[in-house]
Structures are given as structure tokens and as C-alpha cells.
Amino acid sequence: MPRITRCIWRRSPAFGTIAMRSHRGVQAPLELGPLGPVVDRAGRPDPAERYADAAGMGTALARAARQLPP
């Protein structure tokens, strides 16, 4: 690991979290209910597996929101 990367990792927990997330997907908690699959897909490390654009994610969020309790 290059020296600068080691230095940043030690000083910035946020950078470490972002770097780690680039290799593992985000797993939505069950408490998100119908929003969970949207978060899971948006948080996948492979861009080809994520939503193609904000409009696609917005559509998925709107669909999931209709399933939420009032």
C-alpha cells in the first residue's frame, strides 16, 4: 500500500469506509422494508449493477414508497 494511502486511512475513517465500500456492497437493514432492495442495488460496488441514472433510482424509490405504511 502506498505511503500516502496508509496515511489517509489512519487519519480519515471516512476515507477508509469509502475505500472498503468500493469492494463490498451496501447491505440495507431489514428495517428499511420495501426501500431495502433499492438501497442494496444503489450500493453495489459494480457500476453495471447499479441504477443507470438518477431517474431510474427515483422510479424505484417511488415504487417502493407506495408500499410503505402511511
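Quick notes on this one:
- Hits in region 33-65 - residues which are touching a His at 6+ places or on another chain (Cβ under 7 Å) and among the aliphatic types (A, V, I, L, M): none
Table: residues versus (1) open to solvent by less than 100 Å² (accessible area, probe 1.4 Å); (2) in a loop (DSSP other than H, G, I, E, B); (3) hydrophobic (A, V, I, L, M, F, W, C); (4) modelled with pLDDT of 95 or more.
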position	(1), (2), (3), (4)
ILE4	no, no, yes, no
ILE8	yes, no, yes, no
PHE15	yes, no, yes, no
ILE18	no, no, yes, no
GLY25	yes, yes, no, no
LEU61	yes, no, yes, yes
ALA64	yes, no, yes, yes
PRO69	no, yes, no, no
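- Candidate set from region 40-59 (those that are open to solvent by less than 50 Å² (accessible area, probe 1.4 Å) and at pLDDT 95 or above); member that is nearest to the chain's Cα centre (by Cα): TYR51
The values are calculated or read from the model by the stated rules, or taken from the named source; none is laboratory data. Computed from a predicted model, the values in this text were never measured in an experiment. Here the Cβ is made from the backbone with ideal geometry for all residues, glycine too, and neighbour counts use every protein chain on show. Keep in mind that these areas ignore ligands, DNA and RNA; they rest on the heavy atoms of the full protein, side chains included. Shrake-Rupley method; radii C 1.70, N 1.55, O 1.52, S 1.80 Å.
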